[in-house]
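Engineer: Have a look at the structure that comes next, please.
Read-outs throughout are calculated quantities, based only on the coordinates presented, and are distinct from any laboratory measurement. Bear in mind the structure is a predicted one, so any value in this text is a computation, not a measurement. For neighbour counting, all protein chains shown are included, and Cβ atoms are generated from backbone atoms with ideal geometry for every residue, glycine included.
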Amino acid sequence: PPRARPAWYLRVDALPETAVHTVDRAAVAELAATAGPSAEVPAEAAPDPTTTAVMALFAKLLKRTDVTEDTNFFASGGHSLLAAQLVQSIQKQTGVRLKLSAAFSHPTPAALAELITERGSTR
């Protein structure tokens with residue numbers, strides 16, 4: 001996912017070494033601290049309310065606490081019966097009717113939230 005990618009890279013010819021030829025982690029940390037980007041990297045924006053609501057539904061149905069906007073419903077333990085419950089819960093919360101296939105074609109909270117927004121407003 002995008003948030004797992006580094007915000008910046010530092011190219012060096014060689015990593016600093018200790019006297020016994022292992023990587024000098026303290027020197028690497030100091031190098032990174034002094035050579036980092038001059039401007040602060042902006043914090044990632046919080047998910048919109050629709051995405052947050054879908055994330056809560058994922059967490060409830062999957063019985064997980066580690067749901068993010070990029071969590072794949074099916075890779076996280078979801079199946080067709082839970083997907084049917086998900087679509088039904090989305091309709092109850094938002095008033096937007098989705099086909100069951102939407103859960104398969106849009107398996108993340110972010111993708112489902114985008115679809116919900118396209119189809120109609122949330123309550």
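Engineer: Working from the pairwise distances between different alpha carbons, so that the mean of 1/r is found and then inverted, what is the stretch 49-119's Kirkwood radius in Å? Intermediate results must be reported in sequence, preceding the final value.
Structural biologist: Working: mean 1/r = 0.0870 Å⁻¹.
Roughly 11.5 Å, rounded to one decimal.
Engineer: Taking 0.36 nm per residue of separation and subtracting the Cα-Cα distance, what length does fully extending residue 33 through residue 105 add?
Structural biologist: In short, 21.7 nm is gained.
Engineer: What is the calculated FRET efficiency for residue 12 to residue 70, with r their C-beta to C-beta distance and R₀ = 25 Å, to the nearest 0.05?
Structural biologist: Plugging the Cβ-Cβ distance into 1/(1 + (r/R0)^6) gives 0.20.
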